1. For Ile48, work out the one condition from (1) at pLDDT 85 or above; (2) in contact with a Phe, Trp or Tyr (Cβ under 6 Å, 6 or more places away or on another chain) it doesn't fulfil.
2. State which residue pairs qualify: first residue under 14 Å from Leu128 (Cβ atoms) and inside the range 83-108, second residue among the basic types (Lys, Arg) and outside any helix (DSSP H, G or I) in any location, beta carbons under 8 Å apart, and separation of 6 or more residues or different chains.
3. Which number in (1) under 23 Å from Met17 (Cβ atoms); (2) surrounded by 15 or more Cβ atoms within 10 Å (Cβ to Cβ) marks the one condition that Arg49 misses?
4. Could you check the range 58-83 and list, in sequence order, the residues that are of a type in the set (Ser, Thr, Tyr) and more than 13 Å from the chain's Cα centre (by Cα)?
5. For the condition small (Gly, Ala, Ser), without any contact (Cβ under 8 Å) to a residue 12 or more places away in the chain and more than 30 Å from Arg126 (Cα to Cα), what is the one hit in Gly58, Gly63?
6. Just give me the residues in the range 68-95 being of a type in the set (A, V, I, L, M), over 23 Å from Gly115 (Cβ atoms) and surrounded by 13 or more Cβ atoms within 10 Å (Cβ to Cβ), in sequence order.
7. Of everything in the range 11-45 that's more than 21 Å from Lys68 (Cβ to Cβ) and exposed (fewer than 14 other Cβ atoms within 10 Å of the Cβ), which residue is modelled with the lowest pLDDT?
8. Modelled with pLDDT of 85 or more and in a helix (DSSP H, G or I), is that true of Lys86?
Amino acid sequence: MIFHDAPIDENDIKSRMERLEDKELLDVIKNGTGYRPQAAKAAVMVAIRRELISKEEGEKLLGYTIEKIKQDEDIQAEAAETNSTKGRVEMVVGVIIFTTGLVFTIKSSHYVWIGALVVGPILFIRGLFK
C-alpha cells in the first residue's frame, strides 16, 4: 500500500477520498498507516468536512497516524539494511566455502569437497538477492 517513489498529486488524493463512502473513509482513517501521510491527511479533512469526526479528533488521529507511518518507515528501512548485511555475509561465506572446496578437491582429489563447490555459489547467489 505504501508507494513513496511515485509523484504525489494532492488534488487527486483529495478527490479520491471525497469519492469514498463514510464507512470506507473512516476505515482509511483507522488504518492510515497503510497509506501515505498525504492520503491520511486528506481522509481526515474530508471526514471533518462531512462531520464524521470532530476537528480535535481529526488532529489527534492525524498526529498519531503520521507518527505511526514514520515509525513504520524507520522499521522498514532498518529491516532492509539488516537484509542487505545478511546478504553480504552470505556472499562472503559462499565465496569462502567455494574456494575451500575447490582447493581441497584439487589437492586431495576427494570428492567430499564437491559439495562445497555447489553450496558456495548457492550462498553467493542468495546473498545477491537480499
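1. (2)
2. The qualifying pairs are Asn83/Lys130; Ser84/Lys130; Lys86/Lys130; Gly87/Lys130; Glu90/Lys130.
3. (2)
4. Tyr64, Thr65
5. Numbers: Gly58 fails: without any contact (Cβ under 8 Å) to a residue 12 or more places away in the chain.
On inspection, the qualifying residue turns out to be Gly63.
6. Ile69
7. Once the filter is applied, the top-ranked residue is Asn11.
8. When the stated conditions are applied, Lys86 passes them.
The values are calculated or read from the model by the stated rules, or taken from the named source; none is laboratory data. Note that the structure is predicted; figures quoted are calculated from it, not measured. Cβ: placed from backbone, ideal geometry, glycine included. Neighbour counts: every protein chain shown.
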